[in-house]
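*Asks:* One structure, pasted below without further comment.
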Amino acid sequence: VSPLPPLPVAIPLVVAALLTAAGPLVRRRLLDAVSTATAVAVAVLCGILLARSAGGLVLHWFGGWTPRRGLAVGIDLAVDPFGAGMALLAAALSAGALVFAWRYFETTGPLFHVLMLVLLAAMAGFSLTGDLFNMFVFFELMGVAAYALTGYRIEARGPLQGSLNFAVTNSLGGFLVLIGIALVYGRTGALNLAQIGEALAGEPADGLVVASLTLLVAGFLVKAAAVPFHFWLADAYTVPPTPVGVIFAGALSEFGLLGLARVYWTAFSGVEGAEAIRSVLLAFGVATAVVGSVMAFAQFHLKRMLAFVTVAHSGLLLIGLGLLETGALAGAAIYLAADGAVKATLFICVGILLHRLRSVDEDELLGRGRRLPYTGAVFLLAGLGLAGLPPFGTALGKTLMEHEAAAAGVGWLTVVFVGTAVVTAGAVLRAGARIFLGLGHEEPGETPAEVAADEEPETRGPRNRTPPVLLVPAIALLAGGLSLGLVPRLAERAEVAAARFRDRPAYAGAVLEGVPEPLPAEAEPFRWDPGALALGVGGAAGAALLALGSLYRDRAPRGIRRATTATLGAGVRAVKRVHSGHVGDYTAWLTLGTAALGGALALVLR
Amino acid sequence: MRYLPYAVAGWLFLVGLYGIVTSRNLIHLVVCLSVVQSSTYVLLLAIGYLEGGSAPVFADVPVGTPAVDPVVQALTLTDVVVGVTVSALLLALAVQEHKRFGTLDPDRLRALRE
């Protein structure tokens with residue numbers, strides 16, 4: 001029993017409570033300093049946990065209630081490298097966002113900082129727990145803090161609607177998870193993940209197992225923003241204050257994927273024929289990647305564009321873990337971290353644009369970003385990172401996933417990976433080229449005024465220069481995303497962690513019996529092969545070409561233009577129209593998606 | 001009788017969902033969300049119920065006395081707390097919407113779309 005695992009959850013919660021109690025007595029500077037220091041401390045703790053967990057699960061049983069005769073009577077935190085890594089990512093993003101908020105963001109009272117710390121505690125707890133019900137509690141805590149932060153600028157109309165749609169759909173997702181938990185508890189009498197896994201191992205996939213798996217997967221897919229559960233995300237990510245958006249775009253929806261992966265492998269993977277779930281997850285992943293890409297390219301509001309980039313890349317991650325293979329899971333983990341850092345960087349750049357130029361609309365900003373060369377450089381570089389340009393960590397993760405897809409006989413998924421990267425990065429580069437390089441020209445009638453008009457400035461005071469504290473987190477996060485591709489032996493270590501993550505009996509043995517996990521030997525060292533490098537560079541080049549092509553499409557021959565409009569225009573318009581902003585529609589889609597998922601799982605598992 | 005609570009839970013879930021999908025008033029919508037949530041309370045309690053079991057208080061009773069499952073009751077209580085938090089937040093948003101824009105109709109909340 002290690003005393004370390006509860007600290008990343010407890011410390012931010014305690015600090016948040018103290019800050020709330022101290023209330024208006026705390027000066028803004030102190031508030032910034034204390035909350036940033038807390039986030040940094042959590043990051044350090046998670047780093048230590050990450051290092052320790054490389055040698056085996058780090059366990060903590062609350063109140064010393066260790067399992068008796070292989071039966072979990074207490075509640076545990078079970079830290080594996082992926083959980084610790086996710087918590088580390090959340091803490092690093094929180095620290096970056098809080099630094100960014102120093103100079104950026106006017107707040108009254110401690111509530112903003114308190115909510116940020118509660119969100120961090122919930123994300124850490126969700127990553128580290130080994131108990132299914134605690135996952136639900138942290139899921140909900142994460143949700144409530146996030147809804148409140150989304151609606152922080154409550155005087156405007158967008159945040160009200162975004163927060164409402166977010167809260168209703170994610171609460172429904174939480175209820176699905178809870179009902180799934182209730183059914184699985186009724187079946188196994190256990191809430192500990194390892195214990196559930198032991199109880200279900202070797203069992204046939206009967207109706208109750210399929211129903212509970214459906215509900216758990218659907219609930220987590222709501223959080224992960226998989227199509228058709230994704231509608232809330234674009235609304236919620238468009239409206240919060242920029243520091244909050246940094247965390248959202250960097251990590252929030254990815255926790256749904258972590259929850260899905262954790263529950264599948266620790267609890268359900270022993271069920272007879274469970275791996276048949278693969279085709280269903282892949283189908284949802286591909287649909288998510290395609291819809292997200294199309295919507296991202298169709299946006300001119302930068303925050304909304306990044307929201308759909310998040311949806312698209314969430315689809316890629318879902319494919320990566322849906323392959324159910326060690327290498328793909330390792331690739332997904334690396335991709336998640338690097339992609340999160342890159343998206344957070346982009347979000348910060350958008351915040352700087354809003355600070356300096358008072359707009360986040362691509363069209364309005366045409367050429368006006370030329371005054372901001374550093375922000376522009378960071379933005380465009382991050383755009384290339386999004387495309388998976390080596391040596392960004394995104395390239396490494398994507399390559400691992402593509403390799404595994406080819407090995408699993410679904411090599412056509414490479415098209416989805418490259419296509420999604422090209423289209424999403426193309427959208428970002430198009431916006432970057434237009435804003436920071438002044439390429440292209442205005443698009444009459446393309447600006448969705450109702451979104452743009454709502455974007456109120458978040459800062460006051462002089463705006464003729466960019467304070468360094470705004471740019472430093474962006475550069476640090478970009479460097480983080482870039483250097484992940486250069487860490488020696490990262491791929492090998494991630495594969496070891498992935499092999500352990502997938503090894504249900506070893507996990508159960510370590511949690512319930514205290515048997516040390518067998519540590520798999522490191523695979524042969526990963527080497528970039530020329531094909532993968534070419535694919536990465538080609539993807540980035542393709543994204544740049546797509547961006548230029550869409551900027552200068554009026555120079556194309558009229559026949560080509562007309563053909564593109566005829567073939568793509570109708571489809572894009574139809575997809576756009578479905579995103580109605582109406583919470584009732586979103587709920588209907590959620591119901592439909594859950595029914596489809598349940599039907600598909602019942603077909604493949606039984 | 002054995003299946004009645006499950007049927008009730010299923011009914012509450014679906015009727016609440018229907019209410020959310022068709023709602024024309026934010027207060028109504030928040031209440032419908034609570035209805036959906038109450039289905040989880042019923043389901044949890046039903047799963048832990050034992051015919052003829054006593055309350056799970058183990059003082060002054062012989063060992064082996066049948067009792068209903070206390071775990072699901074603890075889960076339900078936690079669930080109630082979560083529900084109250086979310087409802088309070090959503091109602092605050094609805095009040096704000098009414099104050100600022102004079103409407104409670106989600107159809108007219110159209111700042112974000114496409």
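*Asks:* Can you give the Rg to Rh ratio of chain B, both from alpha-carbon atoms, with Rh computed by the Kirkwood formula?
*Replies:* Values: Rg = 19.3 Å, Rh = 16.6 Å.
Across chain B, the Cα-based Rg/Rh ratio is 1.16.
*Asks:* Another question, then. What accessible area, summed over both chains, is buried at the B-A interface (1.4 Å probe, Å², nearest 100)? Display every interim value, and only then the final one.
*Replies:* Numbers: alone 8320 and 21580 Å², together 25840 Å².
Approximately 4100 Å², summed over both chains.
*Asks:* Hey, got the average number of other protein chain Cβ atoms within 10 angstrom for residues in A:163-175?
*Replies:* Taking all residues of A:163-175 together, the mean is 6.
*Asks:* At 1.4 Å probe size, with the rest of the protein present, what percent of the exposed accessible area of region B:66-110 is carbon and sulfur atoms?
*Replies:* Here carbon and sulfur together make up 66 percent of the probe-accessible area.
*Asks:* Per residue, what accessible area does region A:246-344 have, given a 1.4 Å probe and all protein chains present, in Å²?
*Replies:* Ligands and nucleic acids excluded, the figure is 13 Å² per residue.
*Asks:* Separate question: With only alpha-carbon atoms in the gyration tensor, what are the semi-axes of the equivalent ellipsoid for region A:209-361, in Å, largest first?
*Replies:* Its equivalent ellipsoid spans semi-axes of 30, 14, 13 Å.
*Asks:* Would you please classify the overall shape of region A:72-187 from the alpha carbon gyration tensor, given that a ≥ b ≥ c denote the square roots of the eigenvalues, rounded means a/c under 1.5, and beyond that prolate means a/b larger than b/c while oblate covers the rest?
*Replies:* oblate
*Asks:* Can you figure out the FRET efficiency of B:D60 with A:F62, using R₀ = 41 Å and their beta-carbon distance, to the nearest 0.05?
*Replies:* Details: r = 28 Å, r/R0 = 0.69.
Given R0 = 41 Å and the Cβ-Cβ separation, E is 0.90.
*Asks:* At 1.4 Å probe radius, can you tell me the per residue accessible area of chain B in Å²?
*Replies:* Heavy-atom accessible area per residue stands at 55 Å².
*Asks:* May I pose another question? Relative contact order (percent) for chain A, with alpha-carbon contacts under 8 angstrom and 6 or more residues of separation? Write down the numbers at each step before the final one.
*Replies:* Numbers: 1123 pairs, mean separation 99.5, N = 606.
It comes to 16 percent, rounded to a whole number.
*Asks:* Taking amide H positions as placed in the peptide plane 1.01 Å from N, state which residues far from A:V227 in sequence (5 or more) or on other chains have amide H under 5 Å from it.
*Replies:* Residues meeting the criterion, in which the H sits 1.01 Å from N, are A:T288.
*Asks:* Students often get this wrong: which residues of region A:219-258 have the backbone nitrogen under 16 Å from the point 7 angstrom along Cα-to-C-beta of A:V469?
*Replies:* A:242-244
*Asks:* Taking only DSSP H segments of four or more residues, each worth -39500 (n - 2.57), what value at 222 nm results for chain A once the sum is divided by all its residues, to the nearest 500 deg cm²/dmol?
*Replies:* Rounded to the nearest 500, it is -22500 deg cm²/dmol.
*Asks:* Taking amide H positions as placed in the peptide plane 1.01 Å from N, state which residues far from B:A67 in sequence (5 or more) or on other chains have amide H under 5 Å from it.
*Replies:* Amide H neighbours of B:A67, under 5 Å, 5+ apart: B:S54.
*Asks:* On to the next question. Could you give the length gained on full extension between A:L603 and A:V415, defined as 0.36 nm per residue of separation minus the Cα-Cα distance, in nm?
*Replies:* Numbers: separation 188, 0.36 × 188 = 67.68 nm, distance 2.71 nm.
Fully extending the segment from A:L603 to A:V415 adds 65.0 nm.
*Asks:* Could I ask something else about it? Are there any residues in region A:129-151 with a reduction of at least 40 Å² in accessible surface when going from the isolated chain to the assembly of protein chains? Probe 1.4 Å, please list them by number.
*Replies:* A:F133, A:V144
*Asks:* Take every Cα pair under 8 Å in chain B that's 6+ residues apart, average their separations, divide by the length, and report that relative contact order as a whole percent.
*Replies:* Value for chain B: 28 percent.
*Asks:* Placing unit charges on C-beta atoms (Lys and Arg positive, Asp and Glu negative, everything else neutral), compute the dipole magnitude of region A:314-407 about its Cα centre in debye, rounded to 20. Walk me through the intermediate numbers first.
*Replies:* Values: 7 positive and 8 negative charges, 109 e Å.
Its charge dipole is roughly 520 debye.
*Asks:* What dipole magnitude, in Debye to the nearest 20, does the protein assembly as shown give about its Cα centre under +1 on Lys/Arg Cβ and -1 on Asp/Glu Cβ?
*Replies:* Charge dipole, the protein assembly as shown, about its Cα centre: 2040 debye, nearest 20.
*Asks:* Describe numerically, in nm with one decimal, the distance between label points set 7 Å from Cα along Cα→Cβ at A:L437 and at B:R100.
*Replies:* Reported label-point gap for A:L437 and B:R100 is 3.8 nm.
*Asks:* To the nearest 20 Debye, how big is the dipole of region A:21-110 about its Cα centre, given +1 on the beta carbon of each Lys and Arg and -1 on that of each Asp and Glu?
*Replies:* 160
*Asks:* Separate question: Residues with amide H under 5 Å of A:G56's amide H, sequence separation 5 or more or different chain, H placed in the peptide plane at 1.01 Å from N; which?
*Replies:* For A:G56, whose amide H was placed from the backbone, there are no distant partners under 5 Å.
*Asks:* So if I average 1/r over every pair of distinct C-alpha atoms in chain A and take the inverse, what Kirkwood radius in Å does that give?
*Replies:* Mean inverse Cα-Cα distance, inverted, gives 24.0 Å.
*Asks:* Hey, can you find the accessible area per residue of region A:1-62 for me, probe 1.4 Å, expressed in square angstrom?
*Replies:* So region A:1-62 comes to 48 Å² accessible per residue, rounded to a whole number.
*Asks:* What is the spread of the Cα atoms of region A:275-341 along each of their three principal axes, largest first, in whole Å?
*Replies:* Sorted largest first, the three principal extents are 40, 24, 10 Å.
*Asks:* For the peptides B:7-15, A:393-401, what is the packing order when you average, over each peptide's residues, the other Cβ atoms within 10 Å and list the highest mean first?
*Replies:* A:393-401, B:7-15
*Asks:* Below 8 Å between Cα atoms, with a sequence gap of 6+, how large is the relative contact order for region A:344-433 in percent?
*Replies:* 27
*Asks:* Rounded, prolate or oblate: which fits region A:531-585, taking a ≥ b ≥ c as square roots of the Cα gyration tensor eigenvalues, rounded meaning a/c under 1.5, else prolate when a/b beats b/c?
*Replies:* oblate
*Asks:* Got a sec? Which residues in region A:344-380 would a label at A:A479 touch, if it sits 7 Å along Cα→Cβ and we count backbone N under 20 Å?
*Replies:* A:344-350, A:352, A:373-380
*Asks:* Pick out, from A:G96, A:L49, A:T107, the residue whose Cα sits farthest towards the positive end of the charge dipole of region A:47-136, with +1 on the Cβ of Lys and Arg and -1 on the Cβ of Asp and Glu.
*Replies:* Toward the positive end, the furthest listed residue is A:L49.
*Asks:* Would you mind counting up the charge near A:A211? Only other residues with Cβ under 13 Å from its Cβ, with Lys and Arg at +1 and Asp and Glu at -1.
*Replies:* Once positives and negatives cancel, what remains is +1.
*Asks:* Using a Förster distance of 60 Å, how high is the FRET efficiency between A:R577 and A:S2, based on the Cβ-Cβ distance and rounded to 0.05?
*Replies:* Values: r = 53 Å, r/R0 = 0.88.
The formula returns an efficiency of 0.70 here.
*Asks:* Still on this structure: How much net charge surrounds A:G538 when only the other residues with a Cβ under 15 Å from the Cβ of A:G538 are counted, with Lys and Arg +1 and Asp and Glu -1?
*Replies:* -1
*Asks:* Along the charge dipole of chain A, Cβ charges K/R +1 and D/E -1, which of A:A494, A:G174, A:G438 sits furthest on the positive end?
*Replies:* After comparing all options, I get A:G438.
*Asks:* Let me ask something else about it. When you look at the Cβ of every residue in A:176-185, what mean number of other chain Cβ atoms sits within 10 Å?
*Replies:* Taking the mean over all residues of the peptide, I get 5.
*Asks:* Name the residue farthest towards the positive end of the dipole of chain A from the options A:L317, A:T38, A:G270, assuming +1 on Cβ of Lys and Arg, -1 on Cβ of Asp and Glu, about the Cα centre.
*Replies:* So the residue furthest toward the plus end is A:T38.
*Asks:* Right, another one. Where in region A:571-585 does accessible area fall by at least 30 Å² between the isolated chain and the complete protein assembly, at a 1.4 Å probe radius?
*Replies:* A:K576, A:S580, A:H582, A:V583, A:G584
*Asks:* Here's something else I'd like to know. List the residues of region B:63-95 for which accessible area in the full set of protein chains is at least 50 Å² lower than for the chain on its own; 1.4 Å probe, protein heavy atoms only.
*Replies:* Buried-area filter returns B:L75, B:V82, B:V86, B:L89, B:L90, B:L93.
The values are calculated or read from the model by the stated rules, or taken from the named source; none is laboratory data. Because the structure is a prediction, the values reported are computed rather than measured. As a convention, Cβ positions derive from the backbone with ideal geometry for all residues, glycine included, and neighbour counts pool all protein chains shown. Please note that ligands, DNA and RNA were not included when accessible areas were found on the heavy atoms of the full protein model with its side chains. Shrake-Rupley method; radii C 1.70, N 1.55, O 1.52, S 1.80 Å.
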